[in-house]
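*Asks:* Mind looking over this structure? Questions follow.
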Amino acid sequence: MRKADLRRQIQQTKRQFTPQQLEELSLLVISRLRPLLAEAQTIMAYYSLPDEVNTHALIDELVAEGKTVLLPKVTGADTMELRRYTGRADLQEGAYHILEPVGEPFTDLSAIDLILVPGLAFDAAGHRLGRGRGYYDRFLHSKNRPYCVKIGVCFDFQKVDEVPVDAHDIAMDKVV
């Protein structure tokens, strides 16, 4: 199956769920994810879109626990950087209508213990299908990329038998 076809298939499946159902499914995913975050001190996360596993409460809880939470900010047609998140007041609408953090860029990528990566689909080998713009793959391929655990985050219906893979695609260490 081609990436475009798989994207369409997953997006059609997502539309079958109400926002309330996606929220309930999110709680199940977050409950499985939470133990994996216990030891991490600096976590790169994502501020979820309405059709993704809802991370809003989780990242607020991580900050309340004293952890450093970093969120991506799109800075160009093919680049993103990280900024520290300390609360919802840090956010403003950015590229693609995604809420992004304001403030100074976070550049000490070696401090990152764990990355939560959204995706449209994942397979058992950790291969990820993103939205098609390549921001995460470029970030994870960069020479300054963090060497840490990468966890793909998705609903169970987004786990598929096989994700088409290109040479530039980065596999996740775990999928939750």
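The values are calculated or read from the model by the stated rules, or taken from the named source; none is laboratory data. The structure presented is a predicted model; accordingly, all values stated were derived computationally and were not measured. Glycine also receives a Cβ, built like all others from the backbone with ideal geometry; neighbour counts cover every protein chain displayed. Side chains included, ligands, DNA and RNA excluded: accessible areas come from the protein's heavy atoms. Shrake-Rupley method; radii C 1.70, N 1.55, O 1.52, S 1.80 Å.
*Asks:* If you take the residues in the range 1-32 that are under 17 Å from F122 (Cβ atoms) and among the polar types (S, T, N, Q), which one is surrounded by the most Cβ atoms within 10 Å (Cβ to Cβ)?
*Replies:* Top of the filtered list is S26.
*Asks:* Quick one: is Y135 of a type in the set (F, W, Y), surrounded by 15 or more Cβ atoms within 10 Å (Cβ to Cβ) and at pLDDT 90 or above?
*Replies:* no
*Asks:* I've got another one for you. So if I check each of L28, L49, which one is of a type in the set (A, V, I, L, M, F, W, C) and not in a loop (DSSP other than H, G, I, E, B)?
*Replies:* Selected residue: L28, the only one of L28, L49 that is of a type in the set (A, V, I, L, M, F, W, C) and not in a loop (DSSP other than H, G, I, E, B).
*Asks:* Right, next: If you scan the range 103-116, which residues turn out to be open to solvent by less than 70 Å² (accessible area, probe 1.4 Å), in a loop (DSSP other than H, G, I, E, B) and either closer than 23 Å to P164 by Cβ or without any contact (Cβ under 8 Å) to a residue 24 or more places away in the chain (or both)?
*Replies:* G103
*Asks:* Can you find even one residue in the range 117-131 that is open to solvent by 30 Å² or more (accessible area, probe 1.4 Å), under 22 Å from L49 (Cβ atoms) and assigned to a loop (DSSP other than H, G, I, E, B)?
*Replies:* yes
*Asks:* Being open to solvent by 20 Å² or more (accessible area, probe 1.4 Å), closer than 26 Å to L129 by Cβ and among the hydrophobic types (A, V, I, L, M, F, W, C) narrows it down to one residue among M44, M80; which is it?
*Replies:* M80 is the lone residue from the list that is open to solvent by 20 Å² or more (accessible area, probe 1.4 Å), closer than 26 Å to L129 by Cβ and among the hydrophobic types (A, V, I, L, M, F, W, C).
*Asks:* Do we have any residue at all in the range 60-71 that's touching an Asp or Glu at 6+ places or on another chain (Cβ under 8 Å), closer than 30 Å to Y147 by Cβ and without any contact (Cβ under 8 Å) to a residue 40 or more places away in the chain?
*Replies:* The answer is yes, given that some residue of the range 60-71 is touching an Asp or Glu at 6+ places or on another chain (Cβ under 8 Å), closer than 30 Å to Y147 by Cβ and without any contact (Cβ under 8 Å) to a residue 40 or more places away in the chain.
*Asks:* Only one of P72, P35, P50 is surrounded by 13 or more Cβ atoms within 10 Å (Cβ to Cβ) and either farther than 13 Å from V153 by Cβ or at pLDDT below 95 (or both). Can you tell me which?
*Replies:* P72
*Asks:* Same structure again: Of the residues G103, G152, G134, which single one is closer than 23 Å to R34 by Cα and among the small types (G, A, S)?
*Replies:* G152
*Asks:* Working only within the range 53-69, note down all residues that are open to solvent by 10 Å² or more (accessible area, probe 1.4 Å) and either part of a strand (DSSP E or B) or β-branched (V, I, T) (or both).
*Replies:* Scanning the range 53-69 gives V63, T68.
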